[in-house]
Amino acid sequence: MNMNTAAYSAILVAAMSLTTILLRFLPFLVFHKKIPAYIAYLGKVLPAAIIGMLVVYCLKDVQVTVAPFGAKELIASASVVLLQLWKRNSLISILAGTVIYMLLT
Amino acid sequence: MNKNTKRTVRDAFLASVPVMAGYVVLGIGFGILMHNAGYGTLWSFAMALLIYAGSMQYVGVGLLTGGASVLTVILTTFMVNARHLFYSISMIGHYRDAGRYKPYMIFALTDETYSLLCDGKTPDGEDPNLYRFLVSLFNQSYWVTGCTLGSLIGSVLPFSTAGIEFSMTALFIATFTEQWITTKDHIPAITGLFSTLLCLIVFGRDSFLIPSMLLITAVLTVLRGRIQSEQPELVAETDLPAGEKGGAEK
């Protein structure tokens, strides 16, 4: 990694850090228990929507038009869903899904 | 250290044990990903120390290697971590008199720490602020240990780590499934999925994140009346990803 890449990466890490810190501190600095209704609504619905976004983000590079048509990702993803429905333990689902994917790779 | 303080350290440690396995394992996954992306141990350590938000750190690996713009990084962090606003809101009361411990406790308020402390209960006869501070500190120490360890063992593992990047996908799919089970209203989840899919098709894989976030916010804003009438409660606590069961997402 050259100096320019390292410096730019450091800026991005700082941006992630400061934005996260801002989100955690903001309510303590401004809200004092009164939450605007629109903000409260977004807080309720955004987490589920953003997780949906991140699932798509993670699978963005899957090639669905050429063989094997994303079969690896499909099998591993389905395993995660089924394990989560069955055991309700995220750690087991993640570990097993990842191992299955690695074995298929 | 007096006897009472020792007791608080012990109780805080015991309370934090359930978080240990999850943080160490997911931290190791992150460290290996960073190593494979060409970032050394100091990077993993620094990110665990300064960002301390698991999902965001996983997404961050891709943003770093893809050379994303600062604006993309800030907006993505804002959306991925927006739920922390609501953890903080619901802890304003509990953390009110935390004094010198307070800044760190707010900084370290992750999903798991929130799930351990949100009921406001602390051991009888012990300093509640020291207890909460220590639970927060123990949890971050597990995360920093995992991230650092993953980066270190990434180079010496006796088997190929090809495919380990799927751990991030698995993390989000497991969280998505768990949220689907524990909520009645699936409109937000479907909105997130299909808005992003649409933006991926329209804008391509290098520049669809910002459009996706804007579209998701717009769609959910339009649907506000509808979703609210179906789920009238507006308390921040409902955002908690199912306590220890959804415990892998932080």
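The values are calculated or read from the model by the stated rules, or taken from the named source; none is laboratory data. Remember, it's a predicted structure, so these values are computed and weren't measured experimentally. Virtual Cβ from ideal backbone geometry, glycine too; neighbours counted across all protein chains shown.
Looking across the range B:174-207, the residues that are farther than 14 Å from A:Ile50 by Cβ and surrounded by 22 or more Cβ atoms within 10 Å (Cβ to Cβ) come down to B:Ala174, B:Thr177, B:Glu178.
Against the definition (of a type outside the set (Phe, Trp, Tyr), surrounded by 17 or more Cβ atoms within 10 Å (Cβ to Cβ) and modelled with pLDDT under 95), how does B:Ser167 come out, yes or no? Yes, satisfied. Among all positions in the range A:36-52, there is no residue which is at pLDDT below 90, farther than 23 Å from B:Ile89 by Cβ, buried (at least 20 other Cβ atoms within 10 Å of the Cβ) and facing chain B (nearest Cβ under 7 Å). Only residues that are buried (at least 16 other Cβ atoms within 10 Å of the Cβ) and part of a helix (DSSP H, G or I) were counted across the range B:134-163, and they come to 18. On the basis of being at positive phi, more than 7 Å from every other protein chain (Cβ to nearest Cβ) and within 18 Å of the chain's Cα centre (by Cα), does B:Tyr87 make the cut? Spelling it out, it is not the case that B:Tyr87 is at positive phi, more than 7 Å from every other protein chain (Cβ to nearest Cβ) and within 18 Å of the chain's Cα centre (by Cα).
In a helix (DSSP H, G or I), surrounded by fewer than 18 Cβ atoms within 10 Å (Cβ to Cβ) and either at pLDDT 95 or above or of a type outside the set (D, E, K, R) (or both): is that true of B:Tyr104 in this structure? Spelling it out, B:Tyr104 is indeed in a helix (DSSP H, G or I), surrounded by fewer than 18 Cβ atoms within 10 Å (Cβ to Cβ) and either at pLDDT 95 or above or of a type outside the set (D, E, K, R) (or both). The residues of the range B:20-72 that are facing another protein chain (nearest Cβ under 8 Å), more than 21 Å from B:Ile173 (Cβ to Cβ) and more than 15 Å from the chain's Cα centre (by Cα), listed by number, are B:Gly38, B:Tyr39, B:Trp43, B:Ala46, B:Leu64, B:Gly67, B:Ala68, B:Val70. State all residues of the range B:1-54 that are hydroxyl-bearing (Ser, Thr, Tyr) and more than 15 Å from B:Trp143 (Cα to Cα); if no residue qualifies, say none. Of everything in the range B:1-54, those that are hydroxyl-bearing (Ser, Thr, Tyr) and more than 15 Å from B:Trp143 (Cα to Cα) turn out to be B:Thr5, B:Thr8, B:Tyr39. Among all positions in the range A:71-84, there is no residue which is at the interface with chain B (Cβ under 8 Å from one of its Cβ atoms), touching a helix residue (DSSP H, G or I) at 6+ places or on another chain (Cβ under 8 Å) and more than 23 Å from B:Trp180 (Cβ to Cβ). For B:Gly67, the conditions (1) surrounded by fewer than 24 Cβ atoms within 10 Å (Cβ to Cβ); (2) in a helix (DSSP H, G or I) are fulfilled apart from (2).
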